[in-house]
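What follows is a short report on a single structure.
The values are calculated or read from the model by the stated rules, or taken from the named source; none is laboratory data. Just so we're clear, the structure is a prediction, and the values are computed from it rather than from any experiment. Here the Cβ is made from the backbone with ideal geometry for all residues, glycine too, and neighbour counts use every protein chain on show. Ligands, DNA and RNA are excluded from the accessible area calculation, which covers all protein heavy atoms including side chains. Shrake-Rupley method; radii C 1.70, N 1.55, O 1.52, S 1.80 Å.
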Amino acid sequence: MQPIRTIARPLMAAPFMVTGIETLRDPGSRADKIAPVIKPLADRVSWLPTKDPEALVRIQGAVCLGTGALLALGRFQRLSTLVLAGQLIPSLLAEHRFWTEDDPERRAAERSQFFKTAGLLGALLVAGTAPGKYRPIKAARTGAHEAKLQAALARSEAGRKAERARRKAAKRVADTRRKAAKIGH
């Protein structure tokens, strides 16, 4: 499974890295495309660093490039996939609005892009929620810890049994001495 993940990570990250580079080089066309959707949202959200669609697109491009590179390198995989998935949702709803297209050819092209992007979102969610590579180590550590506890319990139980056996033996010795003392008198 590891070789497949090694190949799949850069393939999933490539669209984000290319989009990030293109967006950083020329944010204008993309900003014009999403401005009607972003403007009303940006006016309602107070924590955004800027309300300018072009600057927001540049920020999104930088995040795309950075998290895509992290995903491709296999660093912070869960975090990077979830960040990419989170930023893909607004992009999915703002960029490929096939339901607003009148031209059948343009509508088909936008619908195709919408579902490709939705598929990429699904792949990111699957990758982000997949078990991490450190799980077996954690399981082994947990197993070793449980084995140590079991061994300690066994030693404790063996100690109790040994103590009971010692007491029984001491009682038998005492009984035997008493009987010997009675016979000797």
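Summary table below
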read-out: Spans of helices (runs of 4 or more DSSP H) in region 10-98 with at least 1 residues over 28 Å from the mean Cα position of the chain (by Cα); value: 28-44, 53-73
read-out: Complete set of residues in region 62-81 that are closer than 13 Å to residue 20 by Cβ and out of contact with any helix residue (DSSP H, G or I) (no Cβ under 7 Å at 6 or more places or on another chain); value: 66
read-out: Criterion: at pLDDT 85 or above, over 17 Å from residue 11 (Cβ atoms) and not polar (S, T, N, Q) - qualifying residue of 86, 119, 68; value: 86
read-out: Any chance residue 24 is at pLDDT 85 or above and either open to solvent by 30 Å² or more (accessible area, probe 1.4 Å) or over 22 Å from residue 128 (Cβ atoms) (or both); value: yes
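Here's the yes/no breakdown for (1) among the polar types (S, T, N, Q); (2) in contact with a Ser or Thr (Cβ under 9 Å, 6 or more places away or on another chain); (3) touching a residue at least 60 places away in the same chain (Cβ under 8 Å); (4) surrounded by 14 or more Cβ atoms within 10 Å (Cβ to Cβ):
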site: 40; (1), (2), (3), (4): no, no, no, no
site: 46; (1), (2), (3), (4): yes, no, no, no
site: 77; (1), (2), (3), (4): yes, no, yes, yes
site: 82; (1), (2), (3), (4): no, yes, no, yes
site: 86; (1), (2), (3), (4): no, no, no, yes
site: 93; (1), (2), (3), (4): no, no, no, no
site: 96; (1), (2), (3), (4): no, yes, no, yes
